[in-house]
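Asker: The structure under discussion is supplied below as structure tokens; questions concerning it will follow.
The values are calculated or read from the model by the stated rules, or taken from the named source; none is laboratory data. Here the structure is a predicted model, which is why all the values come from computation and not from measurement. All Cβ positions, even for glycine, are placed from backbone atoms using ideal geometry, and neighbour counts span all protein chains on display.
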Amino acid sequence: MAVVNFLVRYPPIAILSRVALPQWLRRWLSHIPVAVMATLVTGEVLRPGGTWLPPLTNPYVWAAVGTGVVYWRFRSFLGASLAGVAFFLALRAALG
């Protein structure tokens, strides 16, 4: 699996690292990691364990909102991560 993964990923990286890409394309490509992470997180927040939960009683949704607010206010990934864990544990205990 590691060899196949390497063979699939390495050639495009090797080729693109030697080519001067236009600024607009580099800017566009820079958004891909954020979009992928947002997609993964959203799926897990809205469907934890593959099951839809009502949004108003879903501790994952409220913990994600609280985490986002903490990150927006303090711009600290570590602080937001710790706050998110604390929010989730508190909400899970409160909402059952």
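Asker: Looking at 68, 49, can you tell me which residue is within 24 Å of residue 95 (Cβ to Cβ) and surrounded by 10 or more Cβ atoms within 10 Å (Cβ to Cβ)?
Answerer: The conditions single out 68.
Asker: Still on this model: Can you pull out every residue in segment 71-93 that is exposed (fewer than 14 other Cβ atoms within 10 Å of the Cβ) and either of a type outside the set (D, E, K, R) or over 21 Å from residue 43 (Cα atoms) (or both)?
Answerer: Of everything in segment 71-93, those that are exposed (fewer than 14 other Cβ atoms within 10 Å of the Cβ) and either of a type outside the set (D, E, K, R) or over 21 Å from residue 43 (Cα atoms) (or both) turn out to be 72, 73, 74, 75, 76, 77, 78, 81, 82, 85, 89, 93.
Asker: Kindly check whether there is at least one residue in segment 22-41 that is part of a helix (DSSP H, G or I), surrounded by 12 or more Cβ atoms within 10 Å (Cβ to Cβ) and either without any contact (Cβ under 8 Å) to a residue 12 or more places away in the chain or within 21 Å of the chain's Cα centre (by Cα) (or both).
Answerer: Checked segment 22-41: at least one residue is part of a helix (DSSP H, G or I), surrounded by 12 or more Cβ atoms within 10 Å (Cβ to Cβ) and either without any contact (Cβ under 8 Å) to a residue 12 or more places away in the chain or within 21 Å of the chain's Cα centre (by Cα) (or both).
One line per residue, one yes/no per condition, for (1) part of a loop (DSSP other than H, G, I, E, B); (2) under 16 Å from residue 38 (Cα atoms); (3) touching a residue at least 12 places away in the same chain (Cβ under 8 Å):
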{"position": "64", "(1), (2), (3)": "no, yes, yes"}
{"position": "72", "(1), (2), (3)": "no, yes, no"}
{"position": "78", "(1), (2), (3)": "no, no, no"}
{"position": "86", "(1), (2), (3)": "no, no, no"}
{"position": "90", "(1), (2), (3)": "no, no, no"}
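Asker: Checking residue 82 against (1) modelled with pLDDT under 95; (2) of a type in the set (A, V, I, L, M, F, W, C); (3) part of a helix (DSSP H, G or I): exactly one of these is not met. Which one?
Answerer: (1)
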